[in-house]
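The values are calculated or read from the model by the stated rules, or taken from the named source; none is laboratory data. Every value quoted in this text rests on a predicted model; they were computed, and no experiment measured them. Here Cβ is always computed from backbone atoms with ideal geometry, including for glycine, and neighbour counts include all displayed protein chains. For accessibility, only protein heavy atoms count, side chains too; no ligands or nucleic acids. Shrake-Rupley method; radii C 1.70, N 1.55, O 1.52, S 1.80 Å.
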Amino acid sequence: MIEKPALAATAETLGVQCQLHALNGPLRGQVFTVDRTPFLLGKAPTNDLVLAHNTVSRAHCRLEIEARSVRVRDLGSTNGTVVDGTPVQFRELGSRGTLSVGALDFRFEVKGHAADSLPPRPESFGPLVGRCAAMQSVFNAARRLCETKGPVAITGPEGSGRRTLARALLSLSDESSRRLRIASASDAEEIHAFATGALDVSGSGLLFADLHLAPAALRPTVIEALRMHVSGLSVRRLPVRLFLTFSDRAPRAAAEFCGECVTRIEAAQLTLPSLANRRDDIPLLAEALLARLCAAQQLTPRLVLSGEALEWLKGADYLQEVAGLEQRIRRGALRAIERQDSQLVLEDVAPEIADAGAAFEASHSYRELKADAEARFERSYVRWLLGRHRGNVSAAARAAEMDRKYLHKLAKKHGLK
């Protein structure tokens with residue numbers, strides 16, 4: 001039998017109102033009020049919200065209200081708990097978004113959220129920048145975590161800035177004078193050193209990077225060492241703040257291991273979104289990256305991106321997250337500096353689509369060379385256009401004033417569909 005924990009408080013006494021709007025399943029259209037904390041969701045009849053569905057576990061997850069915020073905690077469910085498309089073990093909810101319990105989707109709305117009474121939030125947290133709702137949610141949660149000393153798990157795609165966020169959290173907290181010691185979870189020696197208390201992290205925060213790459217044979221050792229560290233039972237408890245980072249696209253076994261680590265140490269979890277889901281942030285990111293580059297190199301006048309280059313970056317469908325964008329900006333800046341120009345043009349950030357005039361074949365006719373150039377332009381343009389509209393052919397065709405069927409035919413011709 002599943003027992004409910006004793007009620008800590010009602011939602012009203014904590015100044016927060018949370019509602020769940022069922023979007024699918026047998027409860028579709030119904031609205032549920034989270035009127036207590038914790039608030040349990042699952043298949044068992046003892047839950048506060050009973051979800052009779054074969055993808056929902058008996059005790060699936062729970063909502064916790066604390067300090068004018070709402071957090072969701074997965075209770076070891078079979079099919080997982082997902083917030084705004086990202087699987088989570090423990091996560092603070094924003095003012096609104098989507099919560100998925102198994103295959104059942106809910107739109108949540110949190111009124112009286114602490115963020116509601118704050119002035120407009122800045123577009124940065126340390127060196128990270130972003131205007132989109134997902135990044136603002138990360139920044140808001142990160143600011144709260146600066147006031148705590150507990151462990152933090154940071155997940156997201158490779159190159160999204162997981163280590164940068166960990167450094168920013170440490171530097172903006174009360175421990176601003178400390179450095180961050182990075183240990184690789186794929187390094188057996190460092191794992192054993194941490195487990196035995198021999199890892200040298202005096203006076204620093206500790207980041208266990210790339211947790212999903214930990215060797216399978218050493219995963220039990222990692223879990224036990226983490227548990228003993230946070231409980232104060234280790235051979236030599238390290239007086240540091242603990243950070244974990246891992247990919248949100250890890251294979252299933254590795255993802256389950258990372259989830260167990262987060263659960264065992266009750267780490268707060270932050271999830272960085274993919275750049276593909278925040279393309280509108282690219283101009284802000286590019287500006288920030290150029291500004292930092294100019295400051296580091298003491299460049300005057302400051303470098304700027306041409307409109308054509310910026311539009312291409314916003315639509316490029318193969319940028320490798322923020323790290324890939326930064327790499328293109330740096331290489332483009334070097335090309336602009338070499339020709340003593342203060343503007344990065346399309347050829348600087350996308351040399352692969354630059355006109356390769358020096359490569360003309362003397363044996364080819366004008367008509368053949370023209371056809372080849374038009375084919376290269378056509379492929380590059382269609383790739384850019386579809387990337388700009390996230391693969392939506394209809395939206396891309398409307399924006400380009402093209403026939404949808406013709407655009408689909410071009411995409412298929414160039415292997416883009």
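Among residues of region 241-260 that are more than 20 Å from Gly159 (Cα to Cα), those with a beta-carbon under 9 Å from a residue that is open to solvent by 60 Å² or more (accessible area, probe 1.4 Å) and part of a helix (DSSP H, G or I) at least six positions away or on a different chain give the pairs Ala253/Ala216; Phe257/Ala216. Scanning region 15-38 for residues that are of a type in the set (A, V, I, L, M), under 28 Å from the mean Cα position of the chain (by Cα) and surrounded by fewer than 18 Cβ atoms within 10 Å (Cβ to Cβ) turns up just one, Leu23. Leu275 satisfies every condition listed in (1) at pLDDT below 80; (2) under 30 Å from Thr78 (Cα atoms) except (1).
Which ones in region 275-302 are over 19 Å from the mean Cα position of the chain (by Cα) and not in a helix (DSSP H, G or I)?
Start the filter on region 275-302 by keeping residues that are over 19 Å from the mean Cα position of the chain (by Cα), which leaves 287, 290-302.
Once the filter is applied, which keeps residues that are over 19 Å from the mean Cα position of the chain (by Cα) and not in a helix (DSSP H, G or I), region 275-302 yields Gln298, Leu299, Thr300, Pro301, Arg302.
With the condition kept exactly as written, say whether any residue in region 397-407 is open to solvent by 50 Å² or more (accessible area, probe 1.4 Å), part of a helix (DSSP H, G or I), within 23 Å of Leu313 (Cβ to Cβ) and of a type in the set (Phe, Trp, Tyr). Looking through region 397-407, none of the residues is open to solvent by 50 Å² or more (accessible area, probe 1.4 Å), part of a helix (DSSP H, G or I), within 23 Å of Leu313 (Cβ to Cβ) and of a type in the set (Phe, Trp, Tyr).
Just so you know, in region 120-145 the residues that are part of a helix (DSSP H, G or I) and within 21 Å of Glu287 (Cα to Cα) include one that is most open to solvent (accessible area, probe 1.4 Å), and it is Ala133.
Pairs are defined by a Cβ separation below 6 Å, a sequence spacing of at least 6 or placement on different chains, a first member in region 196-215 that is closer than 15 Å to Arg241 by Cα, and a second member that is open to solvent by 10 Å² or more (accessible area, probe 1.4 Å) and modelled with pLDDT of 80 or more; the pairs so defined are Leu199/Ala193; Val201/Arg181; Ser204/Arg181; Leu206/Arg181; Leu207/Ile182; Ala209/Ile182; Ala209/Ser184.
A residue that is small (Gly, Ala, Ser), over 30 Å from Gly76 (Cα atoms), open to solvent by less than 80 Å² (accessible area, probe 1.4 Å) and at pLDDT below 80 occurs somewhere in region 312-320. Of the residues making up region 146-160, just one is under 20 Å from the mean Cα position of the chain (by Cα), open to solvent by 20 Å² or more (accessible area, probe 1.4 Å) and of a type in the set (Gly, Ala, Ser), namely Gly159.
If you check Leu41 against the conditions, is it buried (at least 16 other Cβ atoms within 10 Å of the Cβ) and either on the phi > 0 side of the Ramachandran plot or modelled with pLDDT of 80 or more (or both)? It is true that Leu41 is buried (at least 16 other Cβ atoms within 10 Å of the Cβ) and either on the phi > 0 side of the Ramachandran plot or modelled with pLDDT of 80 or more (or both). Pairs, please: C-beta under 6 Å, at least 6 apart or cross-chain, first residue modelled with pLDDT of 90 or more and in region 58-69, second open to solvent by 10 Å² or more (accessible area, probe 1.4 Å) and of a type in the set (Lys, Arg)? Sorted first by the residue in region 58-69, then by its partner, the pairs are Arg58/Lys43; Arg62/Arg73. When region 44-71 is filtered for residues that are assigned to a strand (DSSP E or B) and surrounded by 16 or more Cβ atoms within 10 Å (Cβ to Cβ), the ones remaining, listed by number, are Leu49, Cys61, Arg62, Leu63, Glu64, Ile65, Ser69, Val70, Arg71. Scanning region 173-228 for residues that are assigned to a loop (DSSP other than H, G, I, E, B), modelled with pLDDT of 80 or more and out of contact with any strand residue (DSSP E or B) (no Cβ under 7 Å at 6 or more places or on another chain) yields Ser186, Asp187, Ala214, Pro215.
Of all residues in region 364-374, those being assigned to a helix (DSSP H, G or I) and either touching a residue at least 24 places away in the same chain (Cβ under 8 Å) or farther than 20 Å from Trp312 by Cβ (or both) number 7.
Within region 248-274, how many residues turn out to be under 14 Å from the mean Cα position of the chain (by Cα) and not basic (Lys, Arg)? Working first, answer last.
Filtering region 248-274 down to residues under 14 Å from the mean Cα position of the chain (by Cα) leaves 248-250, 269-274.
Right, trim to not basic (Lys, Arg) and you get 248, 250, 269-274.
Residues in region 248-274 being under 14 Å from the mean Cα position of the chain (by Cα) and not basic (Lys, Arg): 8 in total.
Within region 377-393, can one find any residue that is open to solvent by 60 Å² or more (accessible area, probe 1.4 Å), modelled with pLDDT of 75 or more and not in a helix (DSSP H, G or I)? Yes, because at least one residue in region 377-393 is open to solvent by 60 Å² or more (accessible area, probe 1.4 Å), modelled with pLDDT of 75 or more and not in a helix (DSSP H, G or I). One residue stands out among those in region 81-93 that are in a loop (DSSP other than H, G, I, E, B) and open to solvent by 20 Å² or more (accessible area, probe 1.4 Å): the one that is modelled with the lowest pLDDT, which is Gly85.
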